Amino acid sequence: MRFEEQRALVTGATGGIGEAIARRLAEEGARVGLHTYSRAEEADELADELPGEHEVLHVDVMQETGPEELIDRVQTRWGGLEVLVNNAGRFVEHPPDEVSYARWREDFERTLALNLAAPAHLSFLAQDELADGQGAIVNVSSRGAYRGEPDAPAYGASKAGLSSLTGSLARKLGEQGIRVAAVAPGFVRTPMVEQVLEGEQGDAIRAQSPMDRVARPEEIAAAVAFLASEECPFTTGAVLDVNGASYLRG
(Lines give C-alpha, C1' and ligand atoms only; values in the text may rest on other atoms or scores of the structure.)
Protein backbone atom coordinates (compact mmCIF):
# COMPACT_ATOMS: atom_id res chain seq x y z
CA MET A 1 0.00 0.00 0.00
CA ARG A 2 1.40 3.34 -1.00
CA PHE A 3 -0.16 6.78 -0.80
CA GLU A 4 2.43 8.91 -2.61
CA GLU A 5 1.13 12.35 -3.55
CA GLN A 6 -2.18 11.58 -1.87
CA ARG A 7 -3.84 13.93 0.59
CA ALA A 8 -5.42 12.42 3.70
CA LEU A 9 -7.43 14.04 6.47
CA VAL A 10 -7.47 12.21 9.83
CA THR A 11 -9.79 13.55 12.51
CA GLY A 12 -8.74 13.12 16.12
CA ALA A 13 -5.17 12.60 14.95
CA THR A 14 -3.40 12.99 18.30
CA GLY A 15 -2.84 10.05 20.62
CA GLY A 16 -3.81 6.41 20.34
CA ILE A 17 -5.55 5.20 17.21
CA GLY A 18 -5.61 8.55 15.39
CA GLU A 19 -1.90 9.07 15.79
CA ALA A 20 -1.16 5.54 14.60
CA ILE A 21 -3.32 6.09 11.51
CA ALA A 22 -1.60 9.39 10.74
CA ARG A 23 1.82 7.78 11.14
CA ARG A 24 0.94 4.84 8.89
CA LEU A 25 -0.41 7.06 6.10
CA ALA A 26 2.56 9.43 6.34
CA GLU A 27 5.01 6.53 6.24
CA GLU A 28 3.24 5.31 3.11
CA GLY A 29 3.81 8.69 1.45
CA ALA A 30 0.60 10.62 2.14
CA ARG A 31 0.41 14.26 3.07
CA VAL A 32 -1.72 14.20 6.22
CA GLY A 33 -4.08 16.77 7.64
CA LEU A 34 -3.81 16.28 11.40
CA HIS A 35 -7.12 17.39 12.81
CA THR A 36 -7.37 18.17 16.52
CA TYR A 37 -9.46 20.31 18.80
CA SER A 38 -7.94 20.19 22.27
CA ARG A 39 -4.40 18.96 21.57
CA ALA A 40 -2.88 21.49 19.19
CA GLU A 41 0.58 21.31 20.77
CA GLU A 42 0.67 17.51 20.47
CA ALA A 43 -0.47 17.79 16.85
CA ASP A 44 2.35 20.23 16.10
CA GLU A 45 4.87 17.83 17.63
CA LEU A 46 3.47 14.94 15.61
CA ALA A 47 3.62 16.92 12.39
CA ASP A 48 7.30 17.62 13.04
CA GLU A 49 8.02 13.93 13.70
CA LEU A 50 6.34 12.51 10.62
CA PRO A 51 8.17 12.09 7.34
CA GLY A 52 7.07 14.59 4.73
CA GLU A 53 5.07 17.81 5.07
CA HIS A 54 1.79 17.84 6.95
CA GLU A 55 -0.82 20.29 8.19
CA VAL A 56 -2.30 20.76 11.66
CA LEU A 57 -5.98 21.68 11.52
CA HIS A 58 -7.37 22.98 14.80
CA VAL A 59 -11.18 22.89 14.48
CA ASP A 60 -14.11 21.98 16.74
CA VAL A 61 -16.19 19.73 14.48
CA MET A 62 -18.96 19.57 17.09
CA GLN A 63 -19.83 23.19 16.39
CA GLU A 64 -22.40 23.88 13.68
CA THR A 65 -19.88 25.47 11.33
CA GLY A 66 -16.98 23.18 12.32
CA PRO A 67 -17.25 20.57 9.55
CA GLU A 68 -17.52 23.26 6.86
CA GLU A 69 -14.54 25.11 8.31
CA LEU A 70 -12.42 21.96 8.34
CA ILE A 71 -13.21 20.93 4.77
CA ASP A 72 -12.86 24.53 3.53
CA ARG A 73 -9.39 24.72 5.07
CA VAL A 74 -8.40 21.45 3.42
CA GLN A 75 -9.70 22.65 0.06
CA THR A 76 -7.94 26.01 0.39
CA ARG A 77 -4.58 24.45 1.34
CA TRP A 78 -4.60 21.34 -0.82
CA GLY A 79 -7.32 21.70 -3.41
CA GLY A 80 -8.87 18.34 -2.59
CA LEU A 81 -8.50 14.98 -0.85
CA GLU A 82 -7.95 11.33 -1.63
CA VAL A 83 -8.65 9.94 1.86
CA LEU A 84 -10.90 10.99 4.75
CA VAL A 85 -10.58 9.06 8.02
CA ASN A 86 -13.33 9.81 10.53
CA ASN A 87 -11.61 8.80 13.75
CA ALA A 88 -12.45 11.50 16.31
CA GLY A 89 -14.75 10.22 19.02
CA ARG A 90 -15.63 10.20 22.69
CA PHE A 91 -16.46 7.48 25.22
CA VAL A 92 -18.20 8.55 28.42
CA GLU A 93 -19.83 6.22 30.90
CA HIS A 94 -23.37 7.22 31.83
CA PRO A 95 -25.20 4.15 33.20
CA PRO A 96 -28.95 4.75 32.85
CA ASP A 97 -29.61 3.51 36.37
CA GLU A 98 -27.07 5.84 37.94
CA VAL A 99 -27.14 9.25 36.22
CA SER A 100 -29.62 12.10 36.21
CA TYR A 101 -31.77 12.87 33.19
CA ALA A 102 -29.81 16.07 32.61
CA ARG A 103 -26.52 14.14 32.57
CA TRP A 104 -28.08 11.48 30.31
CA ARG A 105 -29.21 14.08 27.75
CA GLU A 106 -25.89 15.90 27.80
CA ASP A 107 -23.80 12.77 27.29
CA PHE A 108 -26.07 11.47 24.56
CA GLU A 109 -26.15 14.73 22.63
CA ARG A 110 -22.43 15.38 22.85
CA THR A 111 -21.47 11.80 22.01
CA LEU A 112 -23.74 11.60 18.99
CA ALA A 113 -22.54 15.02 17.84
CA LEU A 114 -18.90 13.91 17.70
CA ASN A 115 -19.18 10.19 16.96
CA LEU A 116 -21.95 10.25 14.37
CA ALA A 117 -23.08 13.70 13.23
CA ALA A 118 -19.57 15.06 12.60
CA PRO A 119 -18.50 12.08 10.43
CA ALA A 120 -21.77 12.31 8.51
CA HIS A 121 -21.35 16.03 7.83
CA LEU A 122 -17.65 15.71 6.96
CA SER A 123 -18.40 12.87 4.56
CA PHE A 124 -21.12 14.90 2.89
CA LEU A 125 -18.89 17.93 2.51
CA ALA A 126 -15.85 15.89 1.40
CA GLN A 127 -17.58 14.11 -1.46
CA ASP A 128 -16.77 16.96 -3.85
CA GLU A 129 -13.14 17.05 -2.67
CA LEU A 130 -12.37 13.34 -2.99
CA ALA A 131 -10.15 13.32 -6.05
CA ASP A 132 -12.90 13.81 -8.62
CA GLY A 133 -14.89 10.92 -7.21
CA GLN A 134 -12.05 8.42 -6.81
CA GLY A 135 -11.23 8.74 -3.12
CA ALA A 136 -12.01 6.80 0.04
CA ILE A 137 -13.73 7.42 3.36
CA VAL A 138 -12.88 5.18 6.31
CA ASN A 139 -14.87 5.41 9.53
CA VAL A 140 -13.64 4.17 12.90
CA SER A 141 -16.57 2.33 14.46
CA SER A 142 -16.42 -0.18 17.33
CA ARG A 143 -17.42 -3.67 18.39
CA GLY A 144 -19.67 -1.78 20.79
CA ALA A 145 -21.93 -1.08 17.83
CA TYR A 146 -22.87 -4.76 17.83
CA ARG A 147 -22.41 -6.12 21.34
CA GLY A 148 -23.86 -3.07 23.12
CA GLU A 149 -22.32 -0.79 25.76
CA PRO A 150 -24.51 -0.99 28.89
CA ASP A 151 -22.51 1.62 30.82
CA ALA A 152 -22.04 3.90 27.81
CA PRO A 153 -25.21 3.53 25.71
CA ALA A 154 -24.57 6.69 23.73
CA TYR A 155 -21.23 5.33 22.56
CA GLY A 156 -22.74 2.04 21.40
CA ALA A 157 -25.64 3.81 19.69
CA SER A 158 -23.38 6.30 17.94
CA LYS A 159 -21.06 3.59 16.64
CA ALA A 160 -24.00 1.50 15.45
CA GLY A 161 -25.20 4.54 13.57
CA LEU A 162 -21.72 5.07 12.13
CA SER A 163 -21.58 1.49 10.85
CA SER A 164 -25.01 1.93 9.25
CA LEU A 165 -23.97 5.27 7.77
CA THR A 166 -20.94 3.54 6.24
CA GLY A 167 -23.16 1.16 4.30
CA SER A 168 -25.58 3.87 3.20
CA LEU A 169 -22.80 6.12 1.91
CA ALA A 170 -21.02 3.22 0.25
CA ARG A 171 -24.12 2.43 -1.77
CA LYS A 172 -24.77 6.04 -2.75
CA LEU A 173 -21.28 7.47 -3.18
CA GLY A 174 -20.17 4.33 -5.00
CA GLU A 175 -22.07 5.76 -7.96
CA GLN A 176 -19.37 8.45 -8.04
CA GLY A 177 -16.53 5.98 -7.55
CA ILE A 178 -16.00 6.93 -3.89
CA ARG A 179 -15.27 3.99 -1.58
CA VAL A 180 -16.62 3.98 1.99
CA ALA A 181 -15.72 1.40 4.63
CA ALA A 182 -15.17 1.13 8.37
CA VAL A 183 -13.13 -0.67 11.00
CA ALA A 184 -14.69 -1.90 14.24
CA PRO A 185 -11.97 -2.32 16.89
CA GLY A 186 -12.37 -3.93 20.27
CA PHE A 187 -10.22 -2.87 23.20
CA VAL A 188 -7.07 -1.05 22.04
CA ARG A 189 -4.00 -0.26 24.12
CA THR A 190 -3.96 3.53 24.01
CA PRO A 191 -2.61 6.00 26.58
CA MET A 192 -6.18 6.70 27.72
CA VAL A 193 -6.80 3.09 28.80
CA GLU A 194 -3.31 2.12 29.95
CA GLN A 195 -4.26 2.54 33.60
CA VAL A 196 -7.31 0.31 33.18
CA LEU A 197 -5.26 -2.42 31.53
CA GLU A 198 -2.72 -2.33 34.32
CA GLY A 199 -5.40 -2.46 37.01
CA GLU A 200 -7.80 -5.07 38.37
CA GLN A 201 -9.73 -5.37 35.12
CA GLY A 202 -6.69 -5.88 32.91
CA ASP A 203 -6.58 -9.68 32.93
CA ALA A 204 -10.32 -9.99 32.28
CA ILE A 205 -10.15 -7.53 29.38
CA ARG A 206 -7.24 -9.35 27.77
CA ALA A 207 -9.01 -12.70 28.27
CA GLN A 208 -11.91 -11.52 26.11
CA SER A 209 -9.72 -12.48 23.14
CA PRO A 210 -8.35 -16.01 22.65
CA MET A 211 -5.06 -14.26 21.89
CA ASP A 212 -5.09 -13.04 25.52
CA ARG A 213 -4.27 -9.46 24.67
CA VAL A 214 -5.80 -6.28 23.31
CA ALA A 215 -5.08 -4.63 19.99
CA ARG A 216 -2.18 -2.33 19.32
CA PRO A 217 -3.03 1.01 17.68
CA GLU A 218 -0.78 0.06 14.77
CA GLU A 219 -3.03 -2.92 14.00
CA ILE A 220 -6.04 -0.65 13.65
CA ALA A 221 -4.00 1.72 11.49
CA ALA A 222 -2.99 -1.13 9.18
CA ALA A 223 -6.64 -2.04 8.66
CA VAL A 224 -7.55 1.59 7.96
CA ALA A 225 -4.71 1.91 5.46
CA PHE A 226 -5.85 -1.23 3.65
CA LEU A 227 -9.44 0.01 3.36
CA ALA A 228 -8.26 3.45 2.26
CA SER A 229 -6.00 2.02 -0.43
CA GLU A 230 -6.93 1.01 -3.95
CA GLU A 231 -5.69 -2.55 -3.45
CA CYS A 232 -9.16 -4.01 -2.95
CA PRO A 233 -11.81 -1.48 -4.01
CA PHE A 234 -14.60 -4.04 -3.71
CA THR A 235 -14.36 -3.80 0.09
CA THR A 236 -16.51 -0.68 -0.13
CA GLY A 237 -19.39 -1.00 2.31
CA ALA A 238 -17.46 -3.37 4.58
CA VAL A 239 -17.16 -3.02 8.34
CA LEU A 240 -13.94 -4.83 9.22
CA ASP A 241 -13.82 -6.31 12.74
CA VAL A 242 -10.42 -5.86 14.37
CA ASN A 243 -11.13 -7.23 17.82
CA GLY A 244 -9.07 -10.41 18.14
CA ALA A 245 -12.21 -12.58 18.14
CA SER A 246 -13.29 -10.96 21.40
CA TYR A 247 -16.72 -10.51 19.86
CA LEU A 248 -18.11 -12.42 16.90
CA ARG A 249 -21.16 -11.24 15.01
CA GLY A 250 -23.24 -13.08 12.47
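The values are calculated or read from the model by the stated rules, or taken from the named source; none is laboratory data. This one's a predicted model, so the numbers in the text were calculated from it and none came from an experiment. In this analysis, Cβ positions are derived from the backbone assuming ideal geometry, glycine residues included, and neighbour counts consider all displayed protein chains.
Number of residues in segment 69-120 that are basic (K, R) and closer than 19 Å to I21 by Cβ equals 1.
Of the conditions (1) in contact with a Leu (Cβ under 6 Å, 6 or more places away or on another chain); (2) part of a helix (DSSP H, G or I), V138 satisfies every one except a single condition; which number is it? In the conditions (1) in contact with a Leu (Cβ under 6 Å, 6 or more places away or on another chain); (2) part of a helix (DSSP H, G or I), V138 misses (2) alone.
A search for C-beta distances below 9 Å between a residue of segment 85-112 that is without any contact (Cβ under 8 Å) to a residue 12 or more places away in the chain and any residue that is part of a helix (DSSP H, G or I), counting only pairs 6+ apart in sequence or on different chains, returns V99/D107; W104/P153; W104/A154; E109/A154.
Look through segment 92-142, keep the residues that are of a type in the set (A, V, I, L, M) and under 17 Å from A228 (Cβ atoms), and return whichever of them is surrounded by the most Cβ atoms within 10 Å (Cβ to Cβ).
Of everything passing the filter in segment 92-142, I137 is surrounded by the most Cβ atoms within 10 Å (Cβ to Cβ).
Of all residues in segment 71-120 being of a type in the set (D, E, K, R) and in a loop (DSSP other than H, G, I, E, B), which is nearest to T36 (Cα to Cα)? Only one residue tops the list, namely R90. For segment 198-225, a residue qualifies if it is surrounded by 15 or more Cβ atoms within 10 Å (Cβ to Cβ) and in contact with a strand residue (DSSP E or B) (Cβ under 8 Å, 6 or more places away or on another chain), and the qualifying residues are V214, A215, P217, E219, I220, A223, V224. Looking only at segment 147-162, decide whether some residue is in a loop (DSSP other than H, G, I, E, B), touching an Asp or Glu at 6+ places or on another chain (Cβ under 8 Å), closer than 18 Å to N115 by Cα and not aliphatic (A, V, I, L, M). Yes, some residue in segment 147-162 is in a loop (DSSP other than H, G, I, E, B), touching an Asp or Glu at 6+ places or on another chain (Cβ under 8 Å), closer than 18 Å to N115 by Cα and not aliphatic (A, V, I, L, M). Just wondering, is there one or more residues in segment 30-39 that are more than 15 Å from the chain's Cα centre (by Cα), modelled with pLDDT of 95 or more, part of a helix (DSSP H, G or I) and buried (at least 23 other Cβ atoms within 10 Å of the Cβ)? No, there is no match, as no residue in segment 30-39 is more than 15 Å from the chain's Cα centre (by Cα), modelled with pLDDT of 95 or more, part of a helix (DSSP H, G or I) and buried (at least 23 other Cβ atoms within 10 Å of the Cβ).
Within segment 47-64, being part of a helix (DSSP H, G or I) and surrounded by fewer than 16 Cβ atoms within 10 Å (Cβ to Cβ) holds for D48, E49. None of R189, R179, R171 is over 25 Å from E82 (Cβ atoms) and either among the charged types (D, E, K, R) or without any contact (Cβ under 8 Å) to a residue 24 or more places away in the chain (or both) except R189.
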